[in-house]
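The values are calculated or read from the model by the stated rules, or taken from the named source; none is laboratory data. Computed from a predicted model, the values in this text were never measured in an experiment. All Cβ positions, even for glycine, are placed from backbone atoms using ideal geometry, and neighbour counts span all protein chains on display. SASA here: full protein model, heavy atoms, side chains in, ligands and nucleic acids out. Shrake-Rupley method; radii C 1.70, N 1.55, O 1.52, S 1.80 Å.
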Amino acid sequence: MEIDRQRAHKNNADSPLMALPAIYRLLYSAGLRMGEALSIRNKDVNLQDGTILIHATKREAERIIALHDTMKDVLRDYIECRNRMPLSGLTNPEHHLFVKLDGTPVTDKAVYANFRSLLRKCGIQYGGRSRGPGLHLHLNGSRSAAGRGLFHSHLVRAGGRPAAAAAAAA
């Protein structure tokens, strides 16, 4: 994946590249909005149960999302790599999950700028704000009400077990 190759080439302290592969995959696999993903704190992630508690939702209501096993692996790898950085506080439960190399939270501006850069490298023209292509429109088919409804029907069929529902929806 292009984002994985980019990660190896840019390592200034303000760079979000270490976190971007996990962010893009989480947006795509879990149907999250950008603000929801970037507001996740360490305490919100439970890799054992395969769930993430989302606080910053559009309607200001909390919800729990289920993670597929492959997404759990991506997050586990990211967290292990992040925690090896020689910075204090990264494992604090209140700290943001997704950080730049200097330990500060990744911003939506940085993610969108990288996404537009990827579009250019792929020869895809960016039409501007609200004209896309954008992360919210093209990375994630499950963002629609129908997609979320489908996920919830998988959840019910799996007996309410989030990990089983995520596997059925994948």
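Tabulated values for the structure
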item	result
Flag if Gly147 is at pLDDT below 75, in a helix (DSSP H, G or I) and over 19 Å from Asp44 (Cβ atoms)	yes
Check on Ile40, open to solvent by 60 Å² or more (accessible area, probe 1.4 Å) and either over 10 Å from the mean Cα position of the chain (by Cα) or at pLDDT 95 or above (or both)	no
Every pair of residues 6+ apart whose Cβ atoms lie under 7 Å, when the first sits in the stretch 47-61 and is at pLDDT below 75 while the second is open to solvent by 30 Å² or more (accessible area, probe 1.4 Å)	Ala56/Gly35; Ala56/Ser39; Thr57/Arg63; Lys58/Arg33
Residues satisfying the stated conditions in the stretch 51-107, i.e. open to solvent by 50 Å² or more (accessible area, probe 1.4 Å), charged (D, E, K, R) and out of contact with any strand residue (DSSP E or B) (no Cβ under 9 Å at 6 or more places or on another chain)	Lys58, Arg59, Glu60, Asp69, Asp73, Arg76, Asp77, Glu80, Arg84, Asp102
Counted residues, the stretch 33-58 - those being closer than 13 Å to His95 by Cα and in a loop (DSSP other than H, G, I, E, B)	2
Residues (assigned to a loop (DSSP other than H, G, I, E, B), modelled with pLDDT under 90 and within 17 Å of Leu27 (Cα to Cα)) located in the stretch 90-140	Gly132, Pro133, Gly134, Asn140
